[in-house]
Each structure stands twice: as structure tokens, then as C-alpha cells.
Amino acid sequence: MSGTDFLWRFPSAKMAWRNLGRNRIRTTLATLGVVIGVIAIASLGMTGAALQQQADTNLGSLTNEVSVSGGADSDVDGVTAAQLDDIESVVVDGMVVPQRSDATTLSTRSGDSQRVTVTGVTDAAALYETSAGQAPERLRTGALLTDDTASDLGLEIGDPVEYDDRLYRIVGLVESDSGFGPGGSELVLPIDAVAEGDAEYDSVTILAEDGASATAIADTLEAEFNDEDDEELSVSSFASAQEDVDNFLNTLNLALLGIGSISLVVASVAILNVMLMSTVERRGEIGVLRAVGIRRGEVLRMILAEAAFLGVLGGIVGGVLSIGVGLVVFDVLAGDRLLVFGWPSARYVVGGFGFAVGASVLSGLYPAWKAANDPPVEALRG
């Protein structure tokens, strides 16, 4: 038995479907309102999901990191050797990587040049992922360069780069997304190649096991080095930044869903108006049905079925169109359009469909009640 045959076993549903076809323009406009409401809810919700995916992708690999630099009340701009020793004594379950920073302009024989950030480290493998070559755990002689910068300058692994009148051969190309320089342009050298500033180190990066450990380490360092009136070291955890971003995106998503819901509420009012007009126009017909023995419950179910059909039709069309919008949104924001079919995104389509059907049925309650309780004699008089 097909779904249609099963549905037609219920007379009220059959009559409801036929009634919707009587005034197709009115039915189409009411359905269109539902479609717009579903698209608004689902599309805005999926936009929030795509932004969340983008944030997770960009910050996810950094949530186990703690960054330490000179504080606002420090006498030096950076981290001293004594402070580094104290940090290493405090951090038990984590890797401490000191860094020095500078900037320079890389030039090639062909005349091309590009401004890059210079970072001196000891353990390059802890901080950088390479797209070619390798990032040595003990970087002593070679250099790493972001792959986009190497491509722009026509440099490859094995080519020399000059910094501070010394040549360093490129041993690895760093993925540009993992670079910290402006625009991802970064040259990574042995820490001794970069001159000291006011302090021995410009910053220290601590790699924890996970985000919770990173937050705990950051809190411990804050308590160890700083108080309310004196900030010797500036301590920041990307895990807390991720939490702040998540909270902001959750708030934004609720606001977007609220805006989308307004569209569906407006559509519900349109359905209420359509159903009221329909019942008024068919008052005499409903009176005849009541006079020949149709019970109030059948009339009630017929009107509610009409409203439900409007919600289902609008929900299906709106859901399909929303997926199309979601494919574009995820392609632009997250770089992977297929993520639209994941539950974090698809739930908004399901929610929009459910909201559409529920709102439509609620909009039909009053017209259904009014039609079912209209005395047959008065209805026949018109």
C-alpha cells in the first residue's frame, strides 16, 4: 500500500487535500510564506554552523597552547632566562618552547622580495607542520619558510636564504596556515641566529596535552607571576580564546535563528488568514456536512489537515532549497560543501521543517475550532 493510499483511508485528509486545490493561488502564496520561513531559519542556522566549523578549524590546533610574553608592568619587553627557568619548573606536563622574533626582507637573484617575520626557535617540530621537507626537533643550522612565501619567491628546499649577513639553507616548507607572521609569511631559524632584545626571549609557547591542561597551566602561571596590581608576564591560553569564540558564536546563532523565526511567524499569520478565509467561504458547505452527519471531530481534523499540508509542503520545498544555500555557505566559509550534510548543519533543516509543520498546525487551530463549533443551521443560512 502506497503512502497516498494509506492517507486516503482518512476522509478528512482526502477532503483537506482537495480543498487546498480549490484556490491554488492562495495555497501557493501561503506555502511560499512557509518556504521563505524555513529557508530563513535553516540558512541562518547553517551559516552559524559554518562559522563555528571555520573557528574550530582555525583555532582547534591551537587550543592546547599557552603563550607567554612580557607583561605590562615588566621592566623588560620579553621573558628573561630566570623567568624561563621558573616557567619550566612550574610546567610539569607540557613542552616549553622559547622564541625570539624579528622581521626582515627576503630577496632573490631575480629581484623578487617579500617582507617576512623571523622566528628563532630550538624545537621547530613542536610548533610547525611542514608541507615539504622536515622541521627538525633541534633546529641548529637550516631554515624553514612558509610554502606560500617560497612559491612567491621561487624558492625550494635546499635553496639559501640570507638573514643578518648569514646564509641558511631551507630544510622544510611550513604550511602557511601555521605561520604566525603577517599574512602567514614567516622564516624560522635557529634561536641563536636571532639577536636578543631587552630580554633573552621575546615569548614562550607552552604545549599542553589538551585544552583543559592548557587552561590549568595558564591559571598556574598567572598565580605564580602576577597579582592584581602587577603583571610581570602576559599569559594567554588559546583554549580560553576558543571558549570565548564559541560563546560568541552561540549567541550569534541564537540571534540568527530568532531573525529566521520571525519569517516563519509571519508565514503562520498568513496561514491563519488563509484558513479563516477558507472556512468563511465554505461555511455553507461545512453546514451541509454537519447536517448529513459529519461530526465536529471530522471537521476539526479536516481543517487541521489543510494547515498541516501547507506546513509539510512548505517545509519540504524550503528544506531542499536550504540545503542548496548551505552548500554555497559551507563552500565559502568552511571550504567543504559536504559538511552541510553533517548533523551540526542538517539539524537546522530538520528543525526548520518541524517548526514549519508545528506553526502551521497551530495557525489552523482557531479556524478549525471555529468551523467545527459553528451550528449547522446558522452555517446553512450563511
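Things to note:
- By average C-beta atoms within 10 angstrom, highest first, the peptides 160-172, 359-371: 359-371, 160-172
- One decimal place: the segment residue 32-residue 159 gains 39.5 nm when fully extended, by the rule 0.36 nm per residue minus the C-alpha distance.
- Cβ-Cβ FRET estimate between residue 236 and residue 151, R0 fixed at 30 Å, reported to 0.05: 0.45
- Values of log10 I(q)/I(0), in the order q = 0.09, 0.16, 0.18 Å⁻¹, for the range 65-208 under a Debye, Cα-only, solvent-free model: -0.27, -0.81, -1.00
- The angle between the Cα long axis of helix 343-372 and the main principal axis of the chain comes to about 20°, on a 0 to 90 degree scale.
- Packing rank of 41-51, 299-309, where each peptide gets the mean count of other beta carbons within 10 Å, highest leading: 41-51, 299-309
- Förster radius 35 Å - calculated FRET efficiency between residue 229 and residue 54, Cβ distance, rounded to 0.05: 0.35
- Angle of helix 11-20 to the longest C-alpha principal axis of the chain, folded into 0 to 90 degrees and rounded to 10: 80°.
- Per the Debye formula on identical point scatterers at the alpha carbon atoms of the chain, with no solvent, log10 I(q)/I(0) at q = 0.08, 0.11, 0.14 Å⁻¹ is -0.63, -0.84, -1.13.
- Model label points for residue 75 and residue 167, set 7 angstrom from Cα along the Cα-to-Cβ axis, are 4.3 nm apart.
- Relative contact order (percent, whole number), the chain, Cα cutoff 8 Å, 6+ residue spacing: 29
- Candidates 94, 326, 158, ranked by Gaussian network fluctuation over the chain, Cα under 10 Å, top entry: 158
- With a simple spin-label model that places each label point 7 Å from the Cα along the Cα-to-Cβ direction, the separation between residue 110 and residue 277 comes to 6.8 nm.
- Computed from point charges on the beta carbon alone (+1 for Lys and Arg, -1 for Asp and Glu), the dipole magnitude for the chain about its Cα centre is near 6120 Debye.
- Simple label model, 7 Å out from Cα along Cβ direction - residue 338 to residue 222, nm: 4.1
- Between the residues 329, 15, 41, the greatest Cα displacement towards the positive end of the dipole of the chain, with unit charges on the Cβ of Lys, Arg, Asp and Glu, is found for 15.
- The simple Förster model, with R0 at 22 Å and r as the Cβ-Cβ distance, assigns residue 90 and residue 122 a FRET efficiency of 0.70.
We did not get these values from a lab; they are worked out from the coordinates using the rules stated. Since we're looking at a predicted model, the values are computed, not measured. Quick reminder, even Gly has a Cβ in these numbers, built from the backbone with ideal geometry, and neighbours come from all protein chains shown.
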